[in-house]
Amino acid sequence: MSGGFGILLPALDECSPFQPQHAPTLIELKHVTVSHTLPDGSKRVVFEDLSLHIRRGEMVYLVGPTGSGKTTLMRLMYMDVLPDAGVVRIGDYRSDTIRPRDTPYLRRSLGVVFQDFQLLSDRNVFENVAFALYATGKSGAQVKNRVLQTLSRVGLSHKRKRYPHELSGGEQQRVVIARAIVNEPWILLADEPTGNLDPAVADEIQKLLLGLHRQGMTVLMATHDYRLVRKFPARTLAFVKGQLVEVDPETLHEA
């Protein structure tokens, strides 16, 4: 395998919460500028000269208005977008030196949870989660064991033969989380994972994400749900005029 994170994660253990205070930096942006080309050929700057450090094992919320750059920031982390200027470093992968053949290895070290699920409608729960493993060349026996363990972890073992249309919104999001973590990623990126869920279900999904964080996973969650951030506080970064500012979750209020 080419590339690597160069940092050994501890085994995930629910009884031994991981403490990130003195852990090494896992995600780093240095003076990053990103712009998009508009249909008329002009450029729109999303953010400019942005810097960020996230330590291994941290839980971080990312908040800000629509269009402020939350999704773009996450796309930078799996290098679907490259910066116009500055450097993005994820583990020991750097945006200025990564080779195309290394990008799949980076992405296997990341789990991504989307708001709109993006499940395969013609495959059941087991098959949707297994799909992520078959892409990495795992054998049938390895896939079966890993998928069953992961479904148990998100509380869906009993729904493994159901199809997405037979599940509630909260159950579908659990499948998405299972698919994101089945490869045992270093980092979980969650882009508005509770945006389509009612408050009670959103709380349950948030507790699941926080459980993964307590076991040592680095979690970055973009959200508009300030109620959730206040109820389950963690380090919170807000986009303000194109820059990231650390804020107190208690000060967040819906507009």
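Using only the C-alpha atoms of the range 16-97, find the volume of their convex hull and express it per residue in Å³.
Values: hull volume 8.9 nm³, N = 82.
In the range 16-97, the Cα convex hull volume per residue is 108 Å³.
Kirkwood radius and radius of gyration were both taken over the C-alpha atoms of the range 152-214, and their ratio Rg/Rh is 0.93. Using only the Cα atoms of the range 51-127, each taken as one equal point scatterer with no solvent, compute I(q) by the Debye sum, divide by I(0), and report log10 of the ratio at q = 0.11, 0.17, 0.20, 0.26 Å⁻¹. The calculated log intensity ratios at q = 0.11, 0.17, 0.20, 0.26 Å⁻¹ are -0.38, -0.84, -1.07, -1.40. Listing V34, V81 from fewest to most neighbouring C-beta atoms within 10 Å gives V81, V34.
Taking the Cα atoms of the chain, the ratio Rg/Rh between the radius of gyration and the Kirkwood radius comes to 0.95. Calculated mean residue ellipticity at 222 nm for the chain: -8500 deg cm²/dmol, from DSSP H runs with n ≥ 4 weighted as -39500 (n - 2.57), summed, divided by the residue count and rounded to 500. Taking max minus min of the alpha-carbon positions on each principal axis, the range 182-226 gives extents of 28, 19, 16 Å, largest first.
With the contact rule set at Cα under 8 Å and sequence spacing of 6 or more, what percent relative contact order holds for the chain? Before the final figure, lay out the partial values.
Values: 460 pairs, mean separation 67.8, N = 255.
Over the chain, the number comes to 27 percent.
The HN-Hα couplings worked out from phi for the range 209-218 by the Karplus form 6.51 cos²θ - 1.76 cosθ + 1.60 (θ = phi - 60°) are 5, 5, x, 5, 4, 5, 7, x, 7, 7 Hz, whole numbers, x standing for Gly and Pro. Sparsely packed loop sites in the range 25-72 (the GluC sites (Glu not before Pro) outside DSSP H, G, I, E and B with at most 13 other Cβ atoms within 10 Å) do not occur. Rounded to the nearest Å, what's the spacing between the alpha carbon centres of the range 89-116 and the range 209-255? Just the number, please. Taking the Cα centre of each part, the range 89-116 and the range 209-255 sit 22 Å apart.
Hydrodynamic estimate: the Kirkwood radius of the range 150-255 over Cα pairs, inserted into Stokes-Einstein at 10 °C and 1.306 mPa s, corresponds to D of 107 µm²/s. Label positions at T33 and L148, each projected 7 Å from the Cα along the C-beta direction, are separated by 5.5 nm.
Its Cα gyration tensor gives the range 76-180 an equivalent ellipsoid; the semi-axes, largest first and in whole Å, are 30, 16, 11. Listed by chain and number, the lysines placed with their C-alpha closer than 25 angstrom to that of K43 are K30, K70, K241; residues fewer than eight positions away on the same chain are left out.
Every number here is computed from the coordinates shown, using simple stated rules; none is lab data. All of these numbers come straight from a predicted model, not from anything done at the bench. For neighbour counting, all protein chains shown are included, and Cβ atoms are generated from backbone atoms with ideal geometry for every residue, glycine included.
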